[in-house]
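The values are calculated or read from the model by the stated rules, or taken from the named source; none is laboratory data. If you're wondering where the values come from, they're calculated on a predicted model, not measured in any experiment. Cβ placement follows ideal geometry from the backbone for every residue including glycine, while neighbour counts extend to all protein chains displayed. Surface areas here come from the heavy atoms of the whole protein model, side chains and all, with no ligands, DNA or RNA. Shrake-Rupley method; radii C 1.70, N 1.55, O 1.52, S 1.80 Å.
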Amino acid sequence: MTTETNIHRESRLVKLQNLQNKGYNPYPYCFKPDAFAADLQEKYKDLPAGVDTEDRVTVAGRAMAVRNSGMFIDIKDHSGKIQAFCHKNHLPEEAVERLKDLDVGDIVGVSGYVRRTPRGELSVAAEKFDIISKSLQPLPEKFHGLTDIDARYRQRYVDFIMNDESKEIYRKRCAITSAIRRYFEEHGFLEVETPMLHPIMGGANAKPFITHHNALDMDLYLRIAPELYLKKLIVGGFDRVFEIGRNFRNEGVDKTHNPEFTALEAYQAYADYNDMAELIPSLLAYVAQAVNGTTKINVNGTEIDLGQPFARKSMIELVKEATGVDFLEAKDLEEAKAMAKSIGIDASDCISWGRVVSEVFDERVEPNLIQPILVMDMPRDISPLAKTHRSNPRLVEHFDAYVGGMEMGCAYSELSNPLEQRERFEAQCADREKGDDEAQMLDEDFINALENGFPPTGGMGMGIDRLAILLTGAETIRDVIAFPTLRKKE
């Protein structure tokens, strides 16, 4: 805390003590406004300057500016701004005295009649004035707000107070989640909840967080994906399910990654990845229209229309277009590594053919996928939960959806053969022994669930935070998460 901040806080503590010494409680149990700034601005938009009404209202909000010793107060509530006109001729003496202990940042309540000042400012002429939460911390200077990027994320509550843009981004993010729910409910899906604590890591290739349950004396993994539990519900006869919830992955932080993030997963029985290839573009267009009023967005100066059909190309085809190399011609891992090396990509650490293809794709293709596209048909050895491709056994029926250079989500024809699923898990276990700590574990209970009969199913997953980046125009995932994970402050 800076010396300047200390001085301001000491001044506010003195004012707090003044109020309390007079028997006034600036932290009441309750206060009930009956009007809000935006509604008042709309209702009285045609009220001429200098005109008083007989309409009486009670408003509450944060004092963002105080002028003329409290005669004029700009009050900001959740909807917008309204001015309070606090003239001593209209207020009880104790309320006039209370104004002397008012600071910018205090939360106040004002009751009075609506008027428009001679200068044209819609106001509530105060007949009653209360401080209902005395702020002990000064707000940042009003013209610049909270501009320090690190401070904005560490003190997000102050960022939301000062920066309407930050607040609007987060409001829109909440609207995105609501629209997703509506879409799936309208299409006959049931919203469900599955465990956050997993005895076995599964559902995605990722590094987990590990915790310990004392009473059971067992280690548990924070969920990296809900996939296996959702598929168990399909086995149980819930034919269309979806879940929106937190996932946790022990990975780095960058513009599109946060260790905890909100994900959507949905599963539909008697469907495959072709059905999901229709669902995902439909979902994105629906949410964009619901939140922004249009399916068109702008990404770094490029217009994208989410209402248009998504292109579809295989990963192998896209890599070949970008590099001139057809990795299907590689007979084994070493030949694939040599192909990668020939185009300047070091794949020496890759432990499978599919990993090499994925490495080349990530470096040479992914950043250029600006217009919406479904990248179809992934290598089989990097996608252990998808069905083998019906046309090529080296591939699986798995696609990733890209928009604006970001992977937005993925979908599979879900693997339903329990014997093949066991083989895939065993291959993943072998990869873990080779040092791949993101490979999945063998989940006997999941295989047992499949042995009870798992219908043909299409499944999809999507990061809601990334969708929020796309639809709000935010620069980073930290802007769309209320309280992002940050490095420990020195």
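Values computed for the structure shown
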| item | result |
| --- | --- |
| Of 289, 218, 201, farthest towards positive along the dipole that unit charges on Lys, Arg, Asp, Glu beta carbons give the range 195-292 | 218 |
| Over the range 320-462, equivalent-ellipsoid semi-axes from the Cα gyration tensor in Å | 27, 19, 13 |
| Residues with amide H under 5 Å from that of residue 396, placed H, sequence gap 5 or more | 378, 380, 389 |
| Neighbourhood net charge (11 Å Cβ-Cβ; Lys/Arg +1, Asp/Glu -1) for residue 69 | +3 |
| Tensor-based shape of the range 159-309 (alpha-carbon gyration tensor, a/c under 1.5 rounded, otherwise prolate or oblate) | oblate |
| Cα gyration tensor shape for the range 259-326, rounded if a/c is under 1.5, else prolate or oblate | oblate |
| Taking the convex hull of Cα positions in the chain, its mean projected area over all directions (nm²) | 29.8 |
| Candidate aspartates and glutamates - alpha carbon under 13 Å from residue 172, same-chain residues fewer than 8 apart omitted | 164, 465, 479 |
| Low-density loop cleavage sites - trypsin sites (Lys or Arg not before Pro) in the range 57-119, where at most 16 other Cβ are within 10 Å (DSSP) | 88, 100, 119 |
| Given charges at beta-carbon only (K, R positive; D, E negative), |dipole| of the chain in Debye | 2100 |
| Dipole magnitude of the range 78-147, debye to nearest 20 (Cβ charges: Lys/Arg +1, Asp/Glu -1, about Cα centre) | 340 |
| Alpha-carbon gyration tensor eigenvalues x 5, square-rooted, for the range 163-250, Å | 28, 22, 10 |
| Of the DSSP H helices in the chain, those whose Cα atoms cover at least 18 Å axially and whose Kyte score averages -1.0 or more | 273-292 |
| The range 25-137: relative contact order in percent, alpha carbon pairs under 8 Å with at least 6 residues between | 33 |
| Average accessible surface area per residue within the chain, 1.4 Å rolling probe, Å² | 48 |
| Which of 51, 79, 190, positive extreme of dipole for the chain (C-beta unit charges) | 51 |
| Accessible-area composition of the chain, carbon plus sulfur, in percent [1.4 Å probe] | 49 |
| Placed amide H near residue 271: partners under 5 Å, 5+ positions off or other chain | 457, 458 |
| Cα-based Lys pair tally, the range 1-123, threshold under 29 Å, eight or more apart or on separate chains | 25 |
| Signed unit charges on C-beta, dipole axis of the chain, positive-most listed residue 345, 425, 268 | 268 |
| Neighbour net charge for residue 189 - beta-carbon separation under 12 angstrom, K R +1, D E -1 | -3 |
| Whole-number percent relative contact order across the range 84-136, with pairs defined as alpha carbons under 8 Å at least 6 apart | 46 |
